[in-house]
Every structure is written in C-alpha cells, then in structure tokens.
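**Student:** So that we are looking at the same thing, I have put the structure below in structure tokens.
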Amino acid sequence: MEAMSRTLDRIDWPVRTERLTLRPATFEDAEATWRFRSLPEVGQWITRAATDHDAYVHWFMHPDSIDLTIVIELDGEVIGDLMLRVFDPWAQAEVREAAAGTQAELGWSLHPDHGGRGYATEAVRAALALCFERLGLRRVTAECFAENEASWRLMERLGMRREAHTVKDSLHRDGTWRDGLLYAILAEEWPVDRSVTQR
Ligand SMILES: CC(C)(COP(=O)(O)OP(=O)(O)OC[C@H]1O[C@@H](n2cnc3c(N)ncnc32)[C@H](O)[C@@H]1OP(=O)(O)O)[C@@H](O)C(=O)NCCC(=O)NCCS
C-alpha cells in the first residue's frame, strides 16, 4: 500500500472551498482536535474515544494517525478533521498491481458547535474532489454505524451510494453489536466540483 504521507504530498495545500480551508494536520492540531473528539456526542461514533488527553495526543501524533489526517479550518480555527486513507482494493492475484492504491476510505468529525451549517458536507465534498480530480482514484468509500444518521445523511447529500447494510457486525464500546453501513462512489459518478480551488 502506498504510504499516506506520500499521498498527501501529491496535493497542493491548502485547499480552499467556499468557506473553509483544508490542510494536512500537524502536531499543533492535537489540542484543537482533542476539543471536539473528546466530546461524548462525537466520541460515541468514532473508532477511538478520546478520553485520556495524553494518550490522545500520543495517538494523534503517531504517523499511522497524523499522516491520514486533514484538518478543517473556518476563519483560522480548526473545527473538524478528515481521514483520507488510500488502500488496495481486493483483486485477483494476477492483477493485484493494477488495483493497488486505487481506492480511498474517508472519515470525518466536526465540532458540534459548528454542526448543521453544511461545513462537514463542504469539507467532504472537497475531499472527494481531491480523491478523484487530484489523486486519480477510482472509488471512495466510507462506513458508519447504521444509527449514525448525521453521517450517512452527509454521504447521501454528496451522492454516495449505500452499498451494504451489515447486521450486528460492528462492536460498539458499550458492548452492543450494531448494524453498519457502507457507502461508496466511483470516479465516473463524481461531478466536477468547481468550488475546490488550489493555491
Ligand atoms: C457526521 C457529522 C460530521 C455531520 O455533521 P452535520 O453538522 O450534520 O453536517 P454538515 O456540517 O454537513 O451540516 C449538515 C446540516 O446542515 C444543513 N445545512 C445548512 N447549510 C448547509 C449547506 N450549505 N450545505 C449542506 N447542508 C447545510 C443541512 O441541511 C444539514 O442539516 P440536517 O441534518 O438537519 O438536514 C457530525 O455529526 C459529527 O462530527 N459526528 C460525530 C463524528 C462522526 O460521526 N464521524 C463519522 C464516524 S463514521
């Protein structure tokens, strides 16, 4: 799999949308992202609950995390983050190389103080544009718990297709097995987005 640091290096940063600026995360973003990731209403849906500050900062700064993380800024303030992970889709052995690095998974979090104004939609739209128009990927996916309606509605607003509803396959940290949703969109389904401008 291609190293994510090299993937983000292929993009001219910052990326500006109508209201937001996107850029790769730096160590200094640990505090700003902690502020929303440590909130229960955010933490309940994401892979790793941020409950211990020092452990969170340690995790955030690890290359496996920070190299996948893009921060979302509004007027210079970090209000959310995106995860962009390029990976190799399944392929038969003889064509494995042709498939390598052609797919990405996206993830997102937004400070609830800034929810309900379309900022997450605007940022994820920009991330999809980067995946297809800058990185030349062929498919982008995202997954969430089925009860995470804000997340799957965001995906549907952006034209992503619900491809799977998995039944009680995902273990929540509260001990309950939950349904999951997989969404995806192909490059040929992606409309050209003129709101993403490069420097
Ligand atoms: C998922 C998450 C980012 C969605 O946040 P959000 O505020 O619903 O998303 P947006 O910022 O795009 O705002 C969309 C809302 O603003 C409204 N809106 C206002 N102006 C808008 C605009 N210009 N464009 C789009 N939507 C707009 C939409 O109608 C929508 O409201 P609705 O849900 O009542 O219909 C947020 O809930 C979150 O961070 N959750 C916790 C973390 C999480 O779940 N991560 C994903 C794990 S899989």
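**Student:** Please find, within segment 83-98, the residue that is nearest to the ligand (Cβ to nearest atom) out of those that are within 28 Å of Ser151 (Cα to Cα) and not charged (D, E, K, R).
**Tutor:** Initial filter on segment 83-98 (within 28 Å of Ser151 (Cα to Cα)): 83-90.
With not charged (D, E, K, R) added as a condition, the list becomes 83-84, 86-87, 89-90.
Details: Met83: 9, Leu84: 14, Val86: 18, Phe87: 16, Pro89: 20, Trp90: 22 Å.
For segment 83-98, the residue satisfying everything is Met83.
**Student:** Another question, if that's okay. Could we say that Trp177 is touching a helix residue (DSSP H, G or I) at 6+ places or on another chain (Cβ under 8 Å), away from the ligand (no atom under 14 Å from the Cβ) and open to solvent by 30 Å² or more (accessible area, probe 1.4 Å) here?
**Tutor:** Working: touching a helix residue (DSSP H, G or I) at 6+ places or on another chain (Cβ under 8 Å): no; away from the ligand (no atom under 14 Å from the Cβ): yes; open to solvent by 30 Å² or more (accessible area, probe 1.4 Å): yes.
So Trp177 fails the test.
**Student:** Which of the residues spanning segment 16-27 are of a type outside the set (Ser, Thr, Tyr) and buried (at least 18 other Cβ atoms within 10 Å of the Cβ)?
**Tutor:** Narrowing segment 16-27 to residues of a type outside the set (Ser, Thr, Tyr): 16, 18-20, 22-25, 27.
Within segment 16-27, Leu20, Leu22, Pro24, Ala25 qualify.
**Student:** Okay, next question. With respect to Glu149, determine if the residue is over 28 Å from Phe36 (Cα atoms), loosely packed, with under 15 Cβ neighbours inside 10 Å and acidic (Asp, Glu).
**Tutor:** No: the conditions fail for Glu149.
**Student:** If you don't mind, there's one more thing I want to ask. Filter segment 54-100 down to the residues that are of a type in the set (D, E, K, R) and touching a residue at least 24 places away in the same chain (Cβ under 8 Å) and list them by number.
**Tutor:** Asp67, Glu73, Glu77, Asp81, Arg85, Asp88
**Student:** If I filter segment 133-161 down to residues being assigned to a strand (DSSP E or B) and of a type in the set (Lys, Arg), which single residue comes out as farthest from the ligand (Cβ to nearest atom)?
**Tutor:** That would be Arg139.
**Student:** Quick check on segment 117-124. Is at least one of its residues outside any helix (DSSP H, G or I), near the ligand (Cβ under 7 Å from one of its atoms) and open to solvent by 20 Å² or more (accessible area, probe 1.4 Å)?
**Tutor:** yes
**Student:** Next question, about the same structure. Can Thr51 be described as of a type in the set (Val, Ile, Thr) and within 24 Å of Thr121 (Cβ to Cβ)?
**Tutor:** Spelling it out, it is not the case that Thr51 is of a type in the set (Val, Ile, Thr) and within 24 Å of Thr121 (Cβ to Cβ).
**Student:** Right, next: Within the bounds of segment 86-100, is there any residue that is of a type in the set (Phe, Trp, Tyr) and under 17 Å from the mean Cα position of the chain (by Cα)?
**Tutor:** Scanning segment 86-100, I find at least one residue that is of a type in the set (Phe, Trp, Tyr) and under 17 Å from the mean Cα position of the chain (by Cα), so the answer is yes.
**Student:** Please go through segment 28-49 and pick out each residue that is β-branched (Val, Ile, Thr) and either crowded, with 19+ Cβ neighbours inside 10 Å or not in a loop (DSSP other than H, G, I, E, B) (or both).
**Tutor:** Answer for segment 28-49, where residues must be β-branched (Val, Ile, Thr) and either crowded, with 19+ Cβ neighbours inside 10 Å or not in a loop (DSSP other than H, G, I, E, B) (or both): Thr33, Val42.
**Student:** Could I ask something else about it? Look at Gly80 and say whether it is within 14 Å of the ligand (Cβ to nearest atom), within 26 Å of Thr21 (Cβ to Cβ) and open to solvent by 70 Å² or more (accessible area, probe 1.4 Å).
**Tutor:** No; evaluated as a whole, the condition is false for this residue.
**Student:** Follow-up. Tally time: how many residues in segment 83-96 are open to solvent by 30 Å² or more (accessible area, probe 1.4 Å), touching a helix residue (DSSP H, G or I) at 6+ places or on another chain (Cβ under 9 Å) and among the hydrophobic types (A, V, I, L, M, F, W, C)?
**Tutor:** Looking only at that region, the number is 2.
**Student:** Do the conditions hold for Ala104, that is, is it touching a Lys or Arg at 6+ places or on another chain (Cβ under 8 Å), at pLDDT below 95 and surrounded by 12 or more Cβ atoms within 10 Å (Cβ to Cβ)?
**Tutor:** The answer is no for Ala104.
**Student:** Then there is this: Any chance you could count how many residues in segment 120-163 are under 20 Å from Ile79 (Cα atoms) and among the hydroxyl-bearing types (Ser, Thr, Tyr)?
**Tutor:** Adding up the residues that qualify gives 2.
**Student:** Are there any pairs, at least 6 apart or on different chains, whose C-beta atoms fall under 9 Å, with the first in segment 165-194 and more than 17 Å from Arg134 (Cβ to Cβ) and the second polar (S, T, N, Q) and exposed (fewer than 11 other Cβ atoms within 10 Å of the Cβ), and if so, which?
**Tutor:** Cβ pairs passing all conditions: Lys168/Thr176.
The values are calculated or read from the model by the stated rules, or taken from the named source; none is laboratory data. Bear in mind that the values here come from a model prediction, so they are computed numbers and not experimental data. Virtual Cβ from ideal backbone geometry, glycine too; neighbours counted across all protein chains shown. Please note that ligands, DNA and RNA were not included when accessible areas were found on the heavy atoms of the full protein model with its side chains. Shrake-Rupley method; radii C 1.70, N 1.55, O 1.52, S 1.80 Å.
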